[in-house]
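Asks: Structure below; questions to follow.
Derivation of every value follows stated rules applied to the coordinates shown; laboratory data play no part. Since this is a predicted model, take the numbers as computed values, not measurements. In this analysis, Cβ positions are derived from the backbone assuming ideal geometry, glycine residues included, and neighbour counts consider all displayed protein chains.
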Amino acid sequence: MKITHLILCALLLSITAKADWLNFRGPSASGYNPDATGTPSELSDATLAWKVSLPGRGLGSAIIVGDKVFVTAASGPDQKQLHVLCFGAADGSPIWERRFWATGRTMSHKKTCVAAPTPASDGERVYAFYSSNDVVCLDLKGNLMWLRGLTLDYPNASNSLGMSSSPLVVGNTLVVQVENDSESFAAGLDKISGINKWKLDRPKAANWTSPTTLNINGEEIVALQSSKGVLGVLPDTGSRIFNFEGGAATIPSSASAGDSLYIPSGGLTAITVKTDGSETVKHWNESAQRPGTPSPLVINDKVFIINNAGVLNCANRQTGERLWRIRLERSDKSATPTGSFSGSPVAGAEGFIYLFSEAGVGLVVDVSGDEGEIVSEIELGETILSTASLDNGAVYIRSDRHLWKFGK
Amino acid sequence: MLPPNMKHFLFLATSLAVTVLPTANLHAKVWTAPLDQIAKVGPEGAGNAEAAEAWAELTGQGSEIIIPVLEAMESAGPLARNWMRSAVETVFEKDLAASADLPTDALKIFLLDRNNEPNARRLAFDLYHRVTPNEADAIVPGFIDDPSPGLRREAVARLIDEGQNLLNQERKEESITTLTSALEAAREVDQIDEIAKLLREKLDQKVDLPRQFGFLMYWDLIAPFDNTDRGGFDLAYPPEESIDLNGSYPGKEGKEISWQAHSTSDDYGMVDFNKPFSPLKQVVGYAYTEFNSIKARSAQLRLGCKNAWKIWLNGQLVFGRDEYHRGIRIDQYILPVHLDKGKNTLLVKACQNEQEQDWTVQWQFQLRVTDETGTAILSTDRKPTPDATEPARRRGE
């Protein structure tokens, strides 16, 4: 093969290779995608690729499937208008929008909203889920595949503060957690038809966490977190694989790495599931590593948490021992303070962690060295309660009014 | 795919059929079967696969399907309506992008017909507005007494703007007249609040918000029964068996308790158990009232409550919910019911739990009776809204 052909092939690969971000916090719903290469080290006007207006609020992240970006929103006086929006990843051009009337309760605390969950995809379909318990399945062209109104089926399944658990496609199942003080459950819906494959009663307690997945002997296990702990189930049947009963937070979700799970429980607790899946082994617990609202993040041999004081802690993944910490603050003390974080940290292959604060301040933290370093800051001037999403060479973030893309 | 000229012919024929002969549509077969299929979607995902095929069939058509699909929403359930809405908007967007003919006149006729389904009419208005924004804006004032809350809201918003502008120009009498009209027409809480604030604070007008909303202000209360470990929610205490306002019963820790008259003067009809019984924890209270309806009719009970609650109408349990302290707002729960002609009894159970945080002190609820549009239905013997200092009175006193 001639060198020119090799170069052409390499170019084509670089153009077509994608690192889809299919759900909340990307692969395994844990925030780290080593396949997302070339994400920008700088968030600035110079790296802003595009910015588009959204028709309503939302806390859910964008997901990226091929050359399309999907995001949800809710609008109207009582948030009863539900939106699913599709944009072109290259230029942010609108491709299609579908709208629905909420069939469940739309009341929420004013900080959150009905479009709090991030949509999910299996690469062929998009699954939008809302605090009203409406579930919408569309194909990538916007053709409606199925609808569920889970409040119509289970009338007391709601939380007057709003719910936020994001769905997850695992195999042929869409996993949803509808956990609240009253009719509390988790369900596995057939991803093609939307019918129940399984439905589990869950602790009657408000819960805003999202499912994650572990990989045990090559099999994906869904981890359902609640105030009681974490229940591991088979996605196809809902059958129990393991149960960690040490209690857990109801806002930040766990992060997984292979067969290990890092649970916001008594600070942070690391467990693995034994290879036969029969029980869990607790490796360590660090009460000082207490995540605030953001979920933890595992990158190779390190685990990161952001506490309620706005401090990023880095710990040894094997021992829980703290390696370093930095305060997530602006270099210019006269600039808008970073403030609190609702969104979770995410990272790609380059060793950059992307964080956006409620005040609309975006940070890039280089964690590739022995100490963390904030290498870029940007002030977007809008409330941001969501988590960034990554693609090759790109970072997406949604604010209250816009969807932004940085990078190429 | 139909050739453009044929498609145009079909559109004209369909428009005529829809607008002139709505019950004898010549092209019913194009959409009848898929609409029938979509209407069959049921609980727990039943009928989804068939509905998807029907949706694809519908959206493969042109804008001739728009009006029939809007009409089909009248008898459809909420899920089926969403399938239909999505089909309508998909076809509309497709034809709009292709600069194809759209049934503009038929949309206007549909949206102006108050017998049509309220959500469908609002959707028709949105589509009509996309095509002819000026004409659409011109018909908004006519929605001021519209049964569709979504359309009425637009007209009320206009009046609020007008009233505010008149106020800004120091034309106070005209502003009062305009805002009073707006208040009479308003059905949604945020608009009512906005108007009342202007009338009260800027124009020194009295506004009877409880009457406007239809809150129930006079009750008989009995408490406390036991709710240790939240066990009282599922226990049927004597008021759930029968109502005897002269009766007394063993309450929490064996103390004898009896009914007492209570009224609220709160703008939003808040019935606060903590006032007569002092702040208590792990207790159950009941509130009883009667509501006289001028006729037998469908209605809605609209409840706000941050405690666990149950509600009975005429002795029948309507709904209950065991959630504590996750927030309260007007119309938090909307419960469809049927009122008997004459006397109807209402019993509310409100449970207080064990939490000690300062945001868990509240033990209260607010209840109003409305029609499906949120318009207050007033009891035929509704008493004047109590003054803040007025003592409680029993019904009939």
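Asks: Which one, A:VAL176, A:GLY142, A:SER165, projects farthest toward the positive side of the charge dipole computed for the range A:129-184 from Cβ point charges (K/R +1, D/E -1)?
Replies: Looking along the dipole axis, the top candidate is A:GLY142.
Asks: When the helix-only estimate is applied to chain A (DSSP H runs of n ≥ 4, each -39,500 (n - 2.57), divided by the residue count), what is the mean residue ellipticity at 222 nm, nearest 500 deg cm²/dmol?
Replies: Details: 2 runs with 18 residues, N = 408.
Mean residue ellipticity, 222 nm, calculated: -1000 deg cm²/dmol.
Asks: Could you check the spin-label model distance between B:LYS295 and B:ASN274? Points 7 Å from the Cα along Cα→Cβ, value in nm.
Replies: 4.3
Asks: While we're looking at this one, here's another question. Hey, any idea what the orientation-averaged projected area of the convex hull of chain B's Cα atoms comes to, in nm²?
Replies: Values: hull surface 97.6 nm².
Its average projected convex-hull area is 24.4 nm².
Asks: Let me ask something else about it. Using the beta-carbon distance between B:SER265 and A:THR37 and R0 = 51 Å, what value does 1/(1 + (r/R0)^6) give for FRET efficiency, to the nearest 0.05? It would help to have the intermediate numbers written out before the result.
Replies: On the way: r = 66 Å, r/R0 = 1.29.
For B:SER265 and A:THR37, the calculated efficiency is 0.20.
Asks: Assuming a ≥ b ≥ c are the square roots of the Cα gyration tensor eigenvalues, decide whether the protein assembly as shown counts as rounded (a/c under 1.5), prolate (otherwise, with a/b larger than b/c) or oblate.
Replies: Details: a/c = 1.73, a/b = 1.20, b/c = 1.44.
In terms of gyration-tensor shape, oblate.
Asks: What is the spin-label model distance, in nm, from A:THR237 to B:THR373 if the labels are put 7 Å beyond Cα along the C-beta direction?
Replies: Reported label-point gap for A:THR237 and B:THR373 is 5.5 nm.
Asks: Would you calculate, for chain B, the mean residue ellipticity at 222 nm contributed by helices, counting each DSSP H stretch of 4 or more residues as -39,500 (n - 2.57) and dividing by all residues, to the nearest 500? Display every interim value, and only then the final one.
Replies: Numbers: 14 runs with 154 residues, N = 397.
One gets -11500 deg cm²/dmol as the mean residue ellipticity at 222 nm.
Asks: Quick check for me: using +1 on Lys/Arg Cβ and -1 on Asp/Glu Cβ, what's the dipole size of the range A:244-292 about its Cα centre, in debye to the nearest 20?
Replies: Details: 3 positive and 5 negative charges, 33 e Å.
It comes to approximately 160 debye.
Asks: Suppose a student asked you for the relative contact order of the range A:165-253, using Cα pairs under 8 Å spaced at least 6 residues apart; what percent would you report? Walk me through the numbers before you get to the answer.
Replies: Details: 228 pairs, mean separation 21.3, N = 89.
Relative contact order of the range A:165-253: 24 percent.
Asks: Report the full-extension gain for the segment B:ALA97 to B:PHE319: residue separation times 0.36 nm, less the Cα-Cα distance, to one decimal in nm.
Replies: Numbers: separation 222, 0.36 × 222 = 79.92 nm, distance 4.67 nm.
Length gained between B:ALA97 and B:PHE319: 75.3 nm.
Asks: Sort out for me the Cα centre separation of the range B:35-94 from the range A:248-278, rounded to whole Å.
Replies: So the separation of the two Cα centres works out to 43 Å.
Asks: Non-local amide H neighbours of A:LYS197 (under 5 Å, H modeled in plane, Pro and chain starts lacking H): which ones?
Replies: Long-range HN contacts for A:LYS197: A:GLY188, A:LEU189, A:ASP190.
Asks: Still on this structure: Given Cβ point charges of +1 (Lys, Arg) and -1 (Asp, Glu) and nothing else, what value in debye, to the nearest 20, does the dipole of chain B about its Cα centre take?
Replies: On the way: 44 positive and 60 negative charges, 106 e Å.
Magnitude of the dipole: close to 500 debye.
Asks: Let me ask something else. Would you please give the residues with an amide H less than 5 Å from that of A:HIS402, counting only those at least 5 places away or on a separate chain, with H modeled from the backbone geometry?
Replies: A:LEU54
Asks: I've got another one for you. With labels modelled as points extended 7 Å from the Cα through the Cβ direction, what inter-label distance (nm, one decimal) is found for A:SER287 paired with B:GLU74?
Replies: The answer from the label model is 6.8 nm.
Asks: Now, a different point. Once the mean 1/r over all distinct Cα pairs of the range A:20-407 is inverted, what Kirkwood radius in angstroms do you read off? Write out the running numbers ahead of the final one.
Replies: Working: mean 1/r = 0.0490 Å⁻¹.
In the range A:20-407 this quantity evaluates to 20.4 Å.
Asks: Under 1.5 on a/c is rounded, so check that first for the range A:156-253, then, if it is not, pick prolate when a/b is larger than b/c and oblate when it is not; a ≥ b ≥ c are the square roots of the alpha carbon gyration tensor eigenvalues. Intermediate values should be presented prior to the final figure.
Replies: Working: a/c = 1.86, a/b = 1.22, b/c = 1.52.
It comes out oblate by the Cα gyration axes.
Asks: Counting only residues 5 or more places away or on other chains, whose amide H sits under 5 Å from the amide H of B:VAL271 once H atoms are built in the peptide plane?
Replies: Residues meeting the amide H criterion: B:PHE365, B:GLN366.
Asks: When only DSSP loop residues count, what trypsin sites (Lys or Arg not before Pro) in the range B:218-284 have their Cβ near at most 16 other Cβ atoms within 10 Å?
Replies: B:LYS255, B:LYS281
Asks: Follow-up. Projecting each Cα onto the charge dipole of the range B:213-370 (Lys/Arg +1, Asp/Glu -1 at the beta carbon, about the Cα centre), which of B:ASN307, B:GLN332, B:SER278 comes out farthest on the positive side?
Replies: Looking along the dipole axis, the top candidate is B:GLN332.
Asks: While we're here: Eigenvalues of the Cα gyration tensor times 5, then square-rooted: what semi-axes does that give for the range B:235-313, in whole angstrom, largest first? Before the final figure, lay out the partial values.
Replies: On the way: eigenvalues 113, 59, 34 Å².
Each semi-axis is √(5λ); the values are 24, 17, 13 Å.
Asks: In whole angstrom, how long is each semi-axis of the equivalent ellipsoid of the range A:343-387, when you take the square root of 5 times every eigenvalue of its Cα gyration tensor and sort them from largest down?
Replies: On the way: eigenvalues 82, 23, 10 Å².
The equivalent ellipsoid of the range A:343-387 has semi-axes of 20, 11, 7 Å.
Asks: Something else: What length, rounded to one decimal in nm, is gained on full extension from A:LYS141 through to A:ALA46, with 0.36 nm per residue of separation minus their alpha-carbon distance?
Replies: My answer for the length gained is 31.0 nm.
Asks: Sticking to Cα atoms, compute the Rg of the range B:213-370 to one decimal and its Dmax as the biggest Cα-Cα distance, whole number, in Å.
Replies: 14.7, 45
Asks: Now for a different question. Given R₀ = 51 Å, FRET efficiency for A:GLU321-B:ALA157 by Cβ-Cβ distance, to 0.05?
Replies: Numbers: r = 60 Å, r/R0 = 1.17.
Given R0 = 51 Å and the Cβ-Cβ separation, E is 0.30.
Asks: Continuing with this model, one more query. For the range A:79-101 and the range A:308-337, what is the separation of their Cα centres, given in Å?
Replies: 35
Asks: Need the full-extension length gain, A:GLU358 to A:GLU245, defined as separation in residues times 0.36 nm minus the C-alpha distance. One decimal, nm. Walk me through the numbers on the way to the answer.
Replies: Details: separation 113, 0.36 × 113 = 40.68 nm, distance 3.23 nm.
Separation in residues times 0.36 nm, less the Cα-Cα distance, equals 37.5 nm.
Asks: Return the FRET efficiency for the residue pair A:LYS111, B:ALA138: r is the Cβ-Cβ distance, R0 is 51 Å, and the value is rounded to the nearest 0.05.
Replies: Values: r = 39 Å, r/R0 = 0.77.
Calculated transfer efficiency: 0.85.
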